Amino acid sequence: MSTGQTMQAAQLLGPKDIRLVNVPAPAPPGHGEVQISVDSVGICGSDLHMFQTGRIGDTVVESPLILGHEFGGTISAVSEGAIDGDGTELSVGMRVAIDPAIPCGRCELCRTGHPNLCPNHTFMGVWPTPGALCEKITVPADGCFFVPDQISHDEVPLLETLGVAIHAVDLAHIHVGQSVAVIGAGAIGLCIAQVAMLAGATPVFITDRLTWRLELAEQFDAVPLNIDGTDAVQQVNQATGGRGVDVTIEAAWSDESSITQAVDMLRPGGRLVVVGIADDDALHFQHSKVRRKGITIAMCRRMKHTYPRAISLTQSGKVDLKTMVSHRFNLKHTADAFTRAAQYQPGCIKAVVHPNS
Ligand SMILES: [Zn+2]
Ligand SMILES: [Zn+2]
C-alpha cells in the first residue's frame with residue numbers, strides 16, 4: 001500500500017518492458033478533483049499497441065509511462081463540492097468509473113458537443129499523461145461517473161469499452177431491422193455487437209479467427225463468422241442474398257485486410273464505422289470500390305457523454321460485461337497480463353488488473 005509519499009505503479013519503460021516501480025504518490029485533490037484508490041484497470045488493444053511498439057498512431061512514448069485508461073476505483077479523498085459528470089455529488093467511499101479523456105471544456109468543439117475532438121485535451125494512460133496502473137490517482141471530478149453496487153469491480157473497466165461501443169453505434173445510424181457486420185470480436189467488438197442489437201439491428205454478424213471469442217459472440221446472439229479458412233465476405237453475401245449489410249463496424253486492427261472485408265460486406269450506400277487503430281497509422285481501401293458503392297465512412301474518436309448509458313445498460317443487465325472478463329491479475333503481475341493479452345492466450349477476452357488487491 002501507499003506510504004503517502006510513494007506508491008507502486010506498473011510503468012512501460014520501452015517496447016514489451018513493463019516493470020513495477022515506486023513513483024511519487026499523487027497530490028491531494030485540488031479544486032474540482034477527487035483522489036481514487038484504483039480498484040480495477042482493463043487492458044485494451046490501444047494499451048497493447050503501446051506495449052508492443054512503444055507508440056500509438058503518431059504518439060510515441062518518449063519517457064516511462066504508467067498505462068491504463070479503462071478503470072474505476074473508490075474515492076479516497078475529495079475536494080469540496082466535487083460533482084461527477086452526471087451531476088452526482090461525490091464523497092469518500094463512493095465507487096466511480098472514470099472517463100480517461102480530459103477535454104478543455106472551453107474550445108469550440110467542447111462547446112458544440114464534441115469534447116472527444118477537443119484539440120487541447122489530455123488522455124490518461126497515453127504519453128505524456130500517466131494512467132491508472134497504480135495504487136492511487138487524482139482525477140477531475142466531472143470525468144467520474146458514480147457506479148452502483150450491482151456493477152462489480154471486474155466490470156467497471158469495461159464501462160469505458162462499452163462507452164466507446166455506444167459512440168460507435170451512434171455513428172452507425174442504425175435503423176431498426178437493418179443488418180450489421182462487426183469486424184473483430186475482441187471486447188470492443190463484442191460490446192458493439194450487443195449495443196447494435198439493442199439499437200434494433202438484425203442480424204448482427206461478427207468475424208474473428210479466435211474460436212473462444214466467436215463462442216461468446218454466439219452466446220450474445222450475434223452470428224459468428226470464423227475468418228480462418230472461410231471467406232467471411234462470401235458468407236455475408238450468401239446470408240443477405242447477395243445484397244450485403246447496411247452497416248459494417250471495423251473493431252480490429254484497421255489493416256488493409258479488415259478494412260477491405262468491411263467494404264466488401266457493405267451494400268451500395270452503406271455505412272462503414274472505423275473503430276480499430278492501424279499499426280502503420282494508415283487507412284487503406286480501394287478508391288473505386290468505395291466510390292462506386294457510395295460508402296459513407298465515419299471515424300470513431302473515443303466517446304462522447306456515453307458513460308451514463310453504459311452504466312444504465314450494465315446495471316439493468318441489457319449488456320453483459322461480466323462474461324467478458326476472463327483473466328484477473330494484481331499489480332505485481334501487470335507485465336504478465338500484457339504478455340498474455342498480446343499473445344492472444346486461449347480463452348482471453350478481457351484481462352483486468354486489480355492494483356489494490
Ligand atoms: Zn481502451
Ligand atoms: Zn476543448
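Derivation of every value follows stated rules applied to the coordinates shown; laboratory data play no part. Remember, predicted model here, so these are calculated numbers, not experimental data. Cβ sites come from the backbone with ideal geometry, for glycine too, and all protein chains shown count toward neighbours.
Just a few scattered comments:
- Cut-off under 5 Å, modelled amide H: who pairs with VAL147 long-range: ARG95, VAL96, ALA97
- Annotation: amide H of GLU33 within the under-5 Å range of SER79, ALA141, sequence separation 5 or more or interchain, hydrogens built in the peptide plane.
- Unit charges on C-beta of K, R, D, E only; dipole of the chain, Debye: 560 debye
- Those trypsin sites (Lys or Arg not before Pro) in the stretch 25-111 that DSSP places in a loop and that have at most 14 other beta carbons within 10 Å: ARG106
- Along the chain, the longest continuous region that contains none of the GluC sites (Glu not before Pro) in a DSSP loop with at most 15 other C-beta atoms within 10 Å is 81-357.
- Backbone phi angles across the stretch 34-48, fed through the Karplus curve with coefficients 6.51, -1.76 and 1.60 (θ = phi - 60°), yield HN-Hα couplings of 9, 9, 10, 8, 6, 8, 7, 9, x, 9, 10, x, 6, 5, 5 Hz in residue order; Gly and Pro are listed as x.
- Considering only THR112, THR53, THR240, the mean-square fluctuation computed in a Gaussian network model of the chain, springs between alpha carbons under 10 angstrom, is largest for THR112.
- Cα-centred dipole magnitude for the stretch 164-299, charges only on beta-carbon of K, R (+1) and D, E (-1), debye, nearest 20: 640 debye
- Computed from label points 7 Å out along Cα-Cβ, the spacing between THR112 and GLU80 is 3.9 nm.
- Tensor-based shape of the stretch 164-299 (alpha-carbon gyration tensor, a/c under 1.5 rounded, otherwise prolate or oblate): rounded
- Cross-link table LYS318/LYS350; LYS16/LYS332; LYS289/LYS350; LYS304/LYS332, entries beyond 25 Å C-alpha to C-alpha: LYS289/LYS350; LYS304/LYS332
- Dipole of the stretch 164-299 computed with +1 at Lys/Arg Cβ and -1 at Asp/Glu Cβ about the Cα centre; of GLY241, PRO203, MET299, farthest Cα towards the positive end is GLY241.
- With R₀ set to 45 Å, the beta-carbon distance separating SER288 from CYS104 gives a calculated FRET efficiency near 0.65.
- Value of [θ]222 nm, deg cm²/dmol, for the chain, DSSP H segments ≥ 4, -39500 (n - 2.57) each, nearest 500: -7500 deg cm²/dmol
- Long-range HN-HN contacts of ALA181 with modeled amide H, under 5 Å: PHE205, VAL247, THR248, ILE249
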